[in-house]
1. Would you mind ranking 100, 30, 62 so that the residue whose beta carbon has the fewest other beta carbons within 10 Å leads the list?
2. State the Kirkwood hydrodynamic radius of region 26-106 in Å, one decimal place, computed from all pairs of distinct Cα atoms.
3. Where does each of 93, 84 land when they are ranked from fewest to most other beta-carbon atoms within 10 angstrom?
4. Arranged by the count of other C-beta atoms within 10 angstrom, fewest first, what order do 37, 64 take?
5. Want the number for residue 24 to residue 80: 0.36 nm per residue separation, take away the alpha-carbon distance, what's left?
6. Answer rounded, prolate or oblate for region 5-58, using the Cα gyration tensor with square roots of eigenvalues a ≥ b ≥ c: rounded when a/c is under 1.5, else prolate when a/b is larger than b/c, else oblate.
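Coordinate-derived values only; no laboratory data. All of these numbers come straight from a predicted model, not from anything done at the bench. Cβ placement follows ideal geometry from the backbone for every residue including glycine, while neighbour counts extend to all protein chains displayed.
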């Protein structure tokens, strides 16, 4: 870990970043490690009532996290995921075929 520099009585510098011409920064590795950041995570910048800026992390959620939160389950008797995907593709292909032929003639 890099040396820490005391900047105030209750604050320690843990890293520095330079702003590019596009307004981008690279979060220093030591900071990423301390915050357990990975690609896709979000940082929120919050101004407190005292005027200080706080950085908060928001972890990226996977589709599995969302499914678990809402307890998404396939209906009983729907079959396996592969079977459901196969049925959906077959139905979509049949609909597309019907549309490509145009309206039925008498």
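1. Sorted ascending by nearby Cβ count, the order is 100, 62, 30.
2. About 18.2 Å for region 26-106.
3. Ranked by crowding around the Cβ, least crowded first: 93, 84.
4. By the 10 Å Cβ count, ascending: 64, 37.
5. Working it through step by step, the gained length comes to 15.7 nm.
6. Rounded, since a/c falls under 1.5.
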